[in-house]
Amino acid sequence: EAGVTQSPTHLIKTRGQQATLRCSPISGHTSVYWYQQALGLGLQFLLWYDEGEERNRGNFPPRFSGRQFPNYSSELNVNALELEDSALYLCASSLGTGAYNEQFFGPGTRLTVL
Amino acid sequence: AQSVTQPDIHITVSEGASLELRCNYSYGATPYLFWYVQSPGQGLQLLLKYFSGDTLVQGIKGFEAEFKRSQSSFNLRKPSVHWSDAAEYFCAVGAYNQGGKLIFGQGTELSVKP
């Protein structure tokens, strides 16, 4: 069974540009989560999508947005990039909703903002 | 506010020695508790989880953890560490009213001496 996949592996952008990160969940999983792992800040919850809807959002500005497609894959968009957006962005998926459902993580996309 | 504290940023143990990684959480309701491991360049892998019932839970790779409500702790243990256990370990808490959101500790980096 294929795990959670993310693309691209690495992404280099300059300040003010937009970045698009993609995630494909495990087959059958309907929930997708995004986390940011920035140096010195640890892992922080960004967004949760389920059945195509945004269900919860972390403490991030509106320039962080995303969507979930009918096939449950997801996209994270970061507009007006700032230097501090440089981080590893992890996507996770789960079979159901709720905190007790195990989240399976992908390898991440390393975003570097110059 | 909900929080997870991992007091030890970095721990070094000798191969074959026992290991205990500390985790303390702050949450008003009954938490769901998780331990994840992250190897360099990889995503997170779930080691074990606690939802209810027996407070001593067994996980993969020979790890176990004990939930102590009175101490708000969920420490991870392994009786004999292998060199391949060198990685970063994250404790996380989720709850039924957090909408799938996991709150992570800052992580503990484990080094293993030969």
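Identify all residues within the range A:73-114 that are away from chain B (no Cβ under 14 Å), under 17 Å from A:Val4 (Cα atoms) and either among the hydroxyl-bearing types (Ser, Thr, Tyr) or assigned to a loop (DSSP other than H, G, I, E, B) (or both); write none if there are none. I'd like the intermediate steps shown before the answer.
At the first step, the residues of the range A:73-114 found to be away from chain B (no Cβ under 14 Å) are A:73, A:75-86, A:111-114.
Narrowing further to those that are under 17 Å from A:Val4 (Cα atoms): A:73, A:75-76.
If the condition is that a residue be away from chain B (no Cβ under 14 Å), under 17 Å from A:Val4 (Cα atoms) and either among the hydroxyl-bearing types (Ser, Thr, Tyr) or assigned to a loop (DSSP other than H, G, I, E, B) (or both), then A:Ser73 is the only one that fits.
Go through the range B:12-35 and report how many residues are assigned to a strand (DSSP E or B), surrounded by fewer than 21 Cβ atoms within 10 Å (Cβ to Cβ) and without any contact (Cβ under 8 Å) to a residue 60 or more places away in the chain.
Of the residues in the range B:12-35, 3 are assigned to a strand (DSSP E or B), surrounded by fewer than 21 Cβ atoms within 10 Å (Cβ to Cβ) and without any contact (Cβ under 8 Å) to a residue 60 or more places away in the chain.
Hey, could you check the range B:88-113 for residues that are surrounded by fewer than 19 Cβ atoms within 10 Å (Cβ to Cβ) and not acidic (Asp, Glu) and say which is modelled with the lowest pLDDT?
B:Tyr96
Give the range A:46-70 a look and list any residue that's surrounded by fewer than 23 Cβ atoms within 10 Å (Cβ to Cβ) and at pLDDT below 95, or say none.
A:Asp50, A:Glu51, A:Gly52, A:Glu53, A:Glu54, A:Arg55, A:Asn56, A:Arg57, A:Gly58, A:Asn59
Looking only at residues in the range B:36-58 that are at negative phi and away from chain A (no Cβ under 12 Å), which one is surrounded by the most Cβ atoms within 10 Å (Cβ to Cβ)?
B:Val57
Look through A:Gly52, A:Gly66 and report the one residue that is more than 12 Å from every other protein chain (Cβ to nearest Cβ), in contact (Cβ under 8 Å) with a residue 12 or more places away in the chain and out of contact with any Phe, Trp or Tyr (no Cβ under 7 Å at 6 or more places or on another chain).
Exactly one of A:Gly52, A:Gly66 is more than 12 Å from every other protein chain (Cβ to nearest Cβ), in contact (Cβ under 8 Å) with a residue 12 or more places away in the chain and out of contact with any Phe, Trp or Tyr (no Cβ under 7 Å at 6 or more places or on another chain), namely A:Gly52.
The values are calculated or read from the model by the stated rules, or taken from the named source; none is laboratory data. Everything numeric in this text was worked out from a predicted model, so none of it was measured. Glycine gets a Cβ as well: all are built from the backbone with ideal geometry, and neighbour counts include every protein chain shown.
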